[in-house]
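Beneath this line is the structure, given in structure tokens, with notes to follow.
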Amino acid sequence: MRMKFDVLTLFPNMFSSPLRESILGKAVEKGLIQIQTVNIRNFTLDKHQVVDDAPYGGGQGMVMKVEPIARAIESVKSQNRSAWTIYLTPQGKPFDQDLAKRLSTRPHLVLLCGRYEGVDERAREFIDEEISIGDYVLTGGELAAMVLIDAVSRLIPGVLGSDRSAEEDSFFNSLLEYPQYTRPVDFRGRRVPEVLLSGNHSAISLWRRREAIKRTLLRRPDLLAKASLTDEEKGLLEEVLQGKSIDGCGLRNADEEQK
Ligand code: 4HQ
């Protein structure tokens, strides 16, 4: 069950190193994922290989021309009918873990990376879905495409270590992660919570769920609203809401620190 990514970009070199390191690099080596870049400039027909032009109606910046984009997408699609085409843009659907999961079931994603002020509106007719990685402005869609590739790839069976399933991590249950510790047990007087040294697995599990709920409540209450909590977790949330120790959950307010 190999997954294929074709990236349409004016800067294919941006994709060489970052996606071939570490976990993703291993996944590529193992043949679990394949990442190919397609240089949109190779699909121009004119002598100077022009990919952008001034906007009709005036205004600042340049717009990516429709013909090279259309021809690049048609080229990729002619080789693979099952391709699902995505345009990365702040105007797209917000990218989240649910969307990453849905995309990870597709055998072939084609990612269009825009530069300048974006693409000619008519290029959108070649696109199946528009996705935004967040409400900020990048210089191009390339980093957004890499974020998407990373988040989707780690959901493909075999990409994470066998002992490590994507189903266990934060966001699987719509909560933030609980605090993690490793050696030493005492760092400058700051000790690892005693329960984690106890060897009492049910106590550890309870502590972790409580901490995850506390942290989510304080930092991302919007996530709690959509989390499907077990009855036990609802009980823990009640406890936390009733003010039973909200300290020590690792939140330090940036505004607070300015003072
Ligand atoms: N850009 N999420 C502008 C983004 C972006 C985002 C990509 C910058 C498209 C034309 N893409 N280009 N945020 O900021 O996906």
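The values are calculated or read from the model by the stated rules, or taken from the named source; none is laboratory data. Values in this document were obtained by computation on a predicted structure and should not be read as measured data. Positions of Cβ are generated from backbone atoms using ideal geometry, with glycine treated the same way; all protein chains shown enter the neighbour counts. For accessibility, only protein heavy atoms count, side chains too; no ligands or nucleic acids. Shrake-Rupley method; radii C 1.70, N 1.55, O 1.52, S 1.80 Å.
Brief remarks follow.
- Looking only at segment 60-76, and only at residues there that are farther than 18 Å from Thr139 by Cα and open to solvent by 60 Å² or more (accessible area, probe 1.4 Å), the one that is nearest to the ligand (Cβ to nearest atom): Glu67
- Test: Ala83 is open to solvent by less than 50 Å² (accessible area, probe 1.4 Å), touching a Lys or Arg at 6+ places or on another chain (Cβ under 9 Å) and small (Gly, Ala, Ser): yes
- Test: residue in segment 216-239 that is in a loop (DSSP other than H, G, I, E, B), within 31 Å of the chain's Cα centre (by Cα) and modelled with pLDDT of 95 or more: yes
Per-residue answers, yes or no, for (1) in a loop (DSSP other than H, G, I, E, B); (2) not aliphatic (A, V, I, L, M):
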| site | (1), (2) |
| --- | --- |
| Leu19 | no, no |
| Ile23 | no, no |
| Asp46 | yes, yes |
| Val50 | yes, no |
| Ile69 | no, no |
| Ser78 | no, yes |
| Lys101 | no, yes |
| Thr105 | yes, yes |
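- Residue satisfying all of: in segment 115-124; out of contact with any Asp or Glu (no Cβ under 7 Å at 6 or more places or on another chain) and near the ligand (Cβ under 9 Å from one of its atoms); nearest to Thr89 (Cα to Cα) among these: Gly118
- Among (1) surrounded by 13 or more Cβ atoms within 10 Å (Cβ to Cβ); (2) within 16 Å of the ligand (Cβ to nearest atom); (3) closer than 29 Å to Glu21 by Cβ, the one test that Val137 misses: (1)
- Residue that is nearest to Phe11 (Cα to Cα) [pool: residues in segment 25-34 that are surrounded by 13 or more Cβ atoms within 10 Å (Cβ to Cβ) and in contact with a Lys or Arg (Cβ under 8 Å, 6 or more places away or on another chain)]: Gln34
- Test result for Ile127, within 16 Å of Phe5 (Cβ to Cβ), within 8 Å of the ligand (Cβ to nearest atom), under 21 Å from the mean Cα position of the chain (by Cα) and touching a residue at least 40 places away in the same chain (Cβ under 8 Å): no
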